[in-house]
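One structure below.
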Amino acid sequence: MIANKVKGGAFLAAFFISVSTFAADAEYESKVVFDSVSLVLAAEKNASPSSMMGHSFLKISGGGRVHAFGYYAALDGGLKSYIAALFGNQRGIYVLTPYTSKAAEYLLVENRSLWEFELDLSDSEKTVLKREIGKTKGKEDAYSFVSHNCSSAIESLLKSANSDYGFDRVKPFTTPVEYAQFLYRTGKIKNVSYIRAPDKKDRPVKNILTAAPPSRIGIDTKYVEFSPVYQDLRTVSDAYNTELETKMLSAKFDTKNGRLDKLDLLKLFSVQPVSKYFRIGWESGGVLEAGIGTGMIKHGFSVYAVPMVGTRDSRIFAGLKTGGVLHLADKAKFIAEYETATDTDKFTAYAGIKVHANTELYIQYEHRHACADRTVVGAAVYF
């Protein structure tokens, strides 16, 4: 008798789940209409690694309704979840929401501007895309900053509708901006629009379709630096923001002495009214640095002052990082920075000039307390 009751309860549970699923699918079929589909890019936000390269999702319009569909990392803000996402062990989820609420979240809550790229999809391609999104919404998958992120998830969906939306690459990752550039080059975009965040009203609009690729190799008279996921204050042709620095798995080699000079597992720095700095890596020992300060941006010139604390070379330190950045019309950039801390004092000056769409020449001078001055001249190539 008990066994029969258990079986009956399981049957009823399965029945109600099936009914609920059927109702949800019917609602999706009737209310999510694919008259037009756009790839939407939200500007980067340096507050967390999950948004440091921007975010991409789909805007689906039709039948008087507009929806947003994207793939998101379920991060809790802790360092452990970021490390898990770095190695592809973090939970990710596909979410379908009303577009107005998603746009308001980016524009009003996070102050991130939006670019909308309307895609040139045929009716049959939209039908296939609708079917694939219907099967995917609400599902979970392992999220990785590098190999399976918001951009690669959207690419996979679009590729299911048309293989031409697949981006053949030599790198294991594609950033949202890079994928939008690919779609534009291959004629998959038929209309571009821009929605400015309220606090960006006095900032010039950058053409992200001409931004430098996000991977960099720099070769100079002393070092070789390879940065696979990269945006730096030094970059002349940046994507969204001239005052942002993002590095992941960046390595710098001393060619004269044949050794690793520096490794940045993750480095974030933003010059804003509330400027933030974070770095975890290796340089003559483990490095963990964090700071929060202030900055000002006006007419292509930025200044910042960020108090910092952390540990490096097995010693705890506290210090202050100050500097200024001058950006000249997407052609050149000049940076001066001084750091005074309990373990060292350092001054650096940098000048970079763009000589080609993805190539820059640079010179950098560094003076460090109790060390010989260093001056290097080199070239950086973005790919």
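A Cβ distance below 6 Å, combined with a sequence gap of six or more or placement on separate chains, defines the contacts here; from the stretch 138-149, residues that are under 9 Å from Gly92 (Cα atoms) reach residues that are among the aromatic types (Phe, Trp, Tyr) and outside any loop (DSSP other than H, G, I, E, B) in the pairs Lys139/Tyr94. Here His369 does not qualify as modelled with pLDDT under 95 and under 23 Å from Glu225 (Cβ atoms).
Step by step: first the residues of the stretch 343-358, then only those that are in contact (Cβ under 8 Å) with a residue 40 or more places away in the chain and farther than 16 Å from Asp220 by Cβ, then the one that is surrounded by the most Cβ atoms within 10 Å (Cβ to Cβ). Which residue is that?
In the first step, residues of the stretch 343-358 are kept if they are in contact (Cβ under 8 Å) with a residue 40 or more places away in the chain; the result is 350, 352-354, 357-358.
Filter once more, so that each one left must be farther than 16 Å from Asp220 by Cβ: 354, 357-358.
Working: Lys354: 19, Ala357: 10, Asn358: 15.
Of everything passing the filter in the stretch 343-358, Lys354 is surrounded by the most Cβ atoms within 10 Å (Cβ to Cβ).
Only one entry in Ser302, Ser284, Ser270, Ser314 is small (Gly, Ala, Ser), in the same structural domain as Asp343 (by TED's automatic domain parsing) and crowded, with 22+ Cβ neighbours inside 10 Å, namely Ser270. May I ask you to verify whether Val37 is at pLDDT 75 or above and of a type in the set (Val, Ile, Thr)? So Val37 fits the description; yes.
The values are calculated or read from the model by the stated rules, or taken from the named source; none is laboratory data. Here the structure is a predicted model, which is why all the values come from computation and not from measurement. Backbone-built Cβ (ideal geometry, glycine too); neighbour counts: all protein chains shown.
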